[in-house]
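See structure below.
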Amino acid sequence: MTEVIFYGLSGCTANAKQKLQLQAAGHTLVERDLAAEPLTAETLRPFFEDRPVEDWFNRRAAAVKTGAVKPDELDEESALAALLADRDLIRRPLLQVGADRKAGFDPNTLHAWIGLTASGESCDDKHSRGVCDHGHHHFPKQG
């Protein structure tokens, strides 16, 4: 289907599941290590589109959980500096298809953007039938 550049962190179990979901939908992944990628403020900023600064952050990052970093108190420039200094703070994955970029793994947004299921059925469609076989933090029980 589509070639997707996937910027994630090695060892991140959520990123591993997300990669499997994209591959199952027929996408080809070009994997990049977010920790080693030579990002700058200018190359990182487009991934966040028009989202508010606090939505750029991984809310599960230790520095956010402890309050050492308070995303809702940062301006754009300070936020980008913090994200570049500690890549664990970045909402993951970063995804790129051609010139289009997105941050985070929202199944409905991704399905509308590049298609997230091989069948073409959206996450909401599957949930309305009581089925979730495409993974986003909950999976069907195998019986």
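The values are calculated or read from the model by the stated rules, or taken from the named source; none is laboratory data. Owing to the predicted nature of the structure, the values given are computational and were not obtained by experimental measurement. Glycine also receives a Cβ, built like all others from the backbone with ideal geometry; neighbour counts cover every protein chain displayed. What goes into the accessible areas is simple: the full protein's heavy atoms, side chains included, and nothing from ligands, DNA or RNA. Shrake-Rupley method; radii C 1.70, N 1.55, O 1.52, S 1.80 Å.
Phi angles of the range 111-116 translate, via the Karplus equation with coefficients 6.51, -1.76, 1.60 and θ = phi - 60°, into HN-Hα couplings of 4, 5, 7, 10, x, 10 Hz per residue; Gly and Pro are given as x.
Summing +1 for each Lys or Arg and -1 for each Asp or Glu among the other residues whose beta-carbon sits under 15 angstrom from that of Val69 gives -3. Sorting 59-66, 25-32, 80-87 by average packing, meaning the other beta carbons within 10 Å per residue, from highest down gives 80-87, 25-32, 59-66.
Would you tally the net charge around Ala99, using a Cβ to Cβ cut-off of less than 15 Å, leaving Ala99 out, and scoring K and R as +1, D and E as -1? Spelling it out: positives minus negatives among the neighbours equals -1.
Remark on Glu31: its backbone amide H falls under 5 Å from those of Phe6, a criterion applied only to residues 5 or more positions apart or on other chains, H modelled at 1.01 Å from N. Looking at the range 2-129 alone, DSSP beta bridges between its own residues are antiparallel in about 55 percent of cases. Only protein atoms count toward the accessible area here, which uses a 1.4 Å probe; on the range 2-129, the carbon and sulfur part of that area reaches 47 percent.
Couplings 3J(HN,Hα) for the range 13-26, derived from phi with the Karplus relation 6.51 cos²θ - 1.76 cosθ + 1.60 (θ = phi - 60°), are 5, 5, 4, 4, 5, 5, 4, 4, 5, 5, 5, 5, 7, x Hz, where x marks Gly and Pro.
Between Phe57 and Arg91, the built amide H atoms are under 5 Å apart, and every one of these is 5 or more places off in sequence or on another chain. Phi angles across the range 57-71 convert, under the Karplus curve 6.51 cos²θ - 1.76 cosθ + 1.60 with θ = phi - 60°, into 3J(HN,Hα) values of 9, 7, 5, 8, 5, 4, 5, 6, 4, 7, x, 5, 10, 10, x Hz, Gly and Pro given as x.
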